[in-house]
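None of the figures in this text is laboratory data; all of them are computed from the coordinates on show. Please read these numbers as outputs of a predicted model, since none were measured by experiment. Backbone-built Cβ (ideal geometry, glycine too); neighbour counts: all protein chains shown.
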Amino acid sequence: MHPFHQLSATSLQGQPIDFKEFVGKVVLIVNTASECGFTYQYESLQALHEKYASQGLIIIGFPCNQFGQQEPGDANQIAQGCLINYGVSFLIAEKVNVNGQHTDSVFRYLKSVLPGFLTRKIKWNFTKFLVAADGTPIERYAPFTKPEKLEKVIEKALLAAKV
């Protein structure tokens, strides 16, 4: 089994998220924050979820408070903000660290495989990682890369998953 599919996380509601369930699915992982200048990207992420979930796209948002303290709320506040403000229905994980000594295992793995420009560190909220259906990380995208710009590569990955 691919190392990506051996990972796990915990949902915002405290339920386990076992990445073994994502074998054969294309996964987009995003570190999120509800008080960030990029928070509007929730809307585009939701649109991608609505368009491609039935074809095998999984989106997981990982709230993070490491950049400008832009995710200060607890799980309930985060959930309400995502749902009320953006109608988010894709998976949201519990709040995690994406850098430093207590980096979440998902981000530790993704940063090791897709190190980014100049450094492995995630530089800001809404950094995105696209992972192929076989578990191979495809690409890392900067926070300013709008989710809709990933549509063609997502379509390509979904098509490859069906071959």
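Between Met1 and Ser89, the simple label model (points 7 Å from Cα in the Cβ direction) yields a spacing of 2.9 nm. Taking amide H positions as modeled 1.01 Å from N, with prolines and chain starts lacking one, the residues under 5 Å from Ile58 and 5 or more places away or on another chain are Val26, Val27, Leu28.
Pairs from the table (Lys95/Lys156; Lys95/Lys128; Lys51/Lys123; Lys121/Lys162) lying more than 26 angstrom apart at Cα are Lys95/Lys156; Lys51/Lys123; Lys121/Lys162. Sequentially through region 82-96, phi angles give Karplus couplings (6.51, -1.76, 1.60; θ = phi - 60°) of 5, 6, 5, 7, 10, x, 5, 10, 7, 5, 10, 8, 5, 4, 9 Hz, Gly and Pro residues having no value and appearing as x. Structure remark: mean-square fluctuation, Gaussian network model of the chain, C-alpha springs under 10 Å; the largest value among Pro16, Pro143, Pro63 belongs to Pro16. If the chain linking Gln69 and Thr10 were pulled fully straight, counting 0.36 nm for each residue of separation and taking away their Cα-Cα distance, it would gain 19.1 nm.
The charge dipole of region 44-108, taken about its Cα centre with unit charges on the Cβ of Lys, Arg, Asp and Glu (plus for the first two, minus for the last two), comes to roughly 140 debye. Have a look at the DSSP beta bridges in the chain and tell me what percent are antiparallel, nearest 5. Taking every DSSP beta bridge within the chain, about 55 percent pair in antiparallel fashion.
Using C-alpha pairs under 8 Å with a sequence gap of at least 6, the mean separation divided by the residue count of the chain gives a relative contact order of 30 percent.
Each Cα pair under 8 Å and six or more residues apart adds its sequence gap; the mean of these over the residue count of region 48-100 is a relative contact order of 48 percent. The slack in the chain from His102 to Thr119, taken as 0.36 nm per residue of separation less the alpha-carbon distance, amounts to 4.4 nm.
Taken about its Cα centre, region 3-162 carries a charge dipole of roughly 560 debye when the Cβ of each Lys and Arg holds +1 and the Cβ of each Asp and Glu holds -1.
The amide H of Ile92, built 1.01 Å from its N in the peptide plane, has Leu12, Gly61 as neighbours under 5 Å, considering only residues 5 or more places off or on other chains. Global dimensions of the chain from alpha-carbon coordinates: Rg and Dmax equal 14.4, 43 Å.
Near the amide H of Asn97, within less than 5 Å, lie the amide hydrogens of Asp104, all on another chain or at least 5 residues away, with H placed in the peptide plane. Note on Glu155 and Asp134: with the Förster distance fixed at 22 Å, the Cβ-Cβ geometry gives a FRET efficiency of about 0.85.
Residue order for Val23, Val30, fewest other beta carbons within 10 angstrom first, comes to Val23, Val30.
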